[in-house]
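Derivation of every value follows stated rules applied to the coordinates shown; laboratory data play no part. These numbers come from a predicted model, not from an experiment. Counting neighbours? That spans all protein chains shown, and the Cβs are built from the backbone with ideal geometry, glycine included.
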Amino acid sequence: MGLDANLSLEQSLRLRLARAETRRQFLRRSQAGLGAIALASLMGRDSRAAGAAVPRVPAKARSVIYLHMSGGPPQQDLFDYKPLLNKYHMQPCPDELLKGQRFAFIKGHPKMLGTPYKFARRGESGQWMSDLLPHTAGVIDEVSVVRSMVTTEFNHAPAELFIFTGSPRNGGASMGSWITYGLGSENEDLPGFVVMISGGTDPTGGKALWSTGFLPSVFQGVQCRTVGDPVLYVGDPKGMTRADRRRTLDALDRLNQIEAAEHGDPETLTRISQYELAFRMQASVPDAMDVGREPEAIREEYGAVPGAASFANNCLLARRLVERGVRYVQLFDWGWDCHGTGAGDDIVHHLPQKCRDVDRPIAALIRDLKRRGLLDETIVIWGGEFGRTSMNEARGGSKFLGRDHHPHCFTLWAAGGGFKAGGSVGATDDLGSGIVEDPVPVHDLQATILHLLGLDPHTFRFPYQGLQQRLIGVEDGVRIRKDLLA
């Protein structure tokens, strides 16, 4: 396009810029340079929050490892002991437990379902646990067990979105993104937010569970693998040396800087930072993600095998990552959806196998963090997205034992990072169907995690769609659970 007639060179350039600028870019330019602030944080120039105005409180923890059992573990078979439920095993469910209830799959009038597993009090704290988790029982005095978690969702994807983004709908920012947005990164050569998956498939909520949503995309979770390249496409193509890649990135950087100066789009700055992070990750990630570098005794403790894809490997890698300054590590383990439609998803054949997969590495992770002095500053969370019914599902007349989705009560535990060791909060009724003591809504848990990390959950927010968005939602009434804290 030639210069406009009768205009000076400067006037013509300004006119071109005005024509090229979109409404969205104009609005983004008006938001106090968020992209530049985010870039400075990720590049390690400042390990503080992405925005200088992020409200802070005294912190107990600096990192999080969240162990999510995707599908919803059956609390009645693991942590919530109900002798009366066993007494009424396979008897018709009382009408009061069905009145006004919706179930994902249960039809007609179901029968009660006791547990086939033995319970006993474990540790000095005397926590009730079944015999399915003997290794976890050995570290139970390090955790706080919450038997009164409650959610609003009874299907997997919305419930997982609610746990990790604070909303049951797509489009929200994930907890890991919020935390890295608020606290920045402690290691400029590794992502601040890492995701690893086991169990053979992604969680039902999909990649939205580690999305940045409306936050700057620089805070997206990075999915790492334990087989093959840790991060897809981070390596150099054949025929390209590291020096070639450096020259390419330098040229791209100059072009992107020109575009950023002209249009003010913060996503251009995000693109620059992501290229640079990927370049640094080529050297740092293979080292961090190699469990073969661990002593044999440590690998044996976790049950980790170099080169394998397993929850055990992921737990050991989570320790290696937080040790190197990664802020938030999310482990998803699929396979906890125990409906009882067959031997592959029931509580008699399938559940014990899932427990064997995770029990030993979870206990090893807690012990390992404590030995290294990391447990005091690392929050470890274990749980699912909702609970399971006290009734047998019997879908299609199945003879296998299983439980349907149940949002009204489930069990979760938290360790380290300021949570009370050996603590216990909440209780359900004698049949394990509803909460009778100290309900803990999902937003209360999120608020408590943010608080322990030094972020004020009530004032930590981001403007979007005319609202001051928060991880804990925009409504009032959310509490920091002091009864969970040391």
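Observations on the model:
- Calculated diffusion of region 342-463, Stokes-Einstein form, Kirkwood radius summed over Cα pairs, 4 °C and 1.567 mPa s, µm²/s: 76 µm²/s
- Spin-label pair residue 467/residue 438, simplified geometry with 7 Å Cα→Cβ offset, distance in nm: 3.0 nm
- Computed lengthening from residue 298 to residue 91, 0.36 nm per intervening residue step minus Cα-Cα distance: 69.8 nm
- Semi-axis lengths (Å, descending) of the ellipsoid that matches the C-alpha gyration tensor of region 119-227: 30, 19, 15
- Here region 59-150 is treated as a Stokes sphere of Kirkwood radius computed over C-alpha pairs; at 20 °C and 1.002 mPa s its diffusion coefficient rounds to 136 µm²/s.
- Dipole moment magnitude, nearest 20 debye, region 84-193 about Cα centre, only Lys, Arg, Asp, Glu C-beta charged: 880 debye
- Residue 99-residue 356 pseudo-label distance in nm [points 7 Å out on the Cα-to-Cβ vector]: 4.5 nm
- The value for region 289-397 of Rg(Cα) / (2.2 N^0.38 Å) is 1.25.
- Most to least packed among 293-299, 125-131, 313-319 [average Cβ atoms within 10 Å]: 313-319, 125-131, 293-299
- Among residues other than residue 154 with Cβ under 14 Å from its Cβ, the summed charge is -3 (Lys and Arg +1, Asp and Glu -1).
- Karplus-derived HN-Hα couplings along region 152-159 (A = 6.51, B = -1.76, C = 1.60, θ = phi - 60°), whole Hz, x at Gly and Pro: 9, 10, 10, 10, 4, 4, x, 5
- Volume per residue for region 403-484 equals 122 cubic angstrom (convex hull of Cα atoms).
- Dipole of region 412-486 computed with +1 at Lys/Arg Cβ and -1 at Asp/Glu Cβ about the Cα centre; of 465, 427, 439, farthest Cα towards the positive end is 465.
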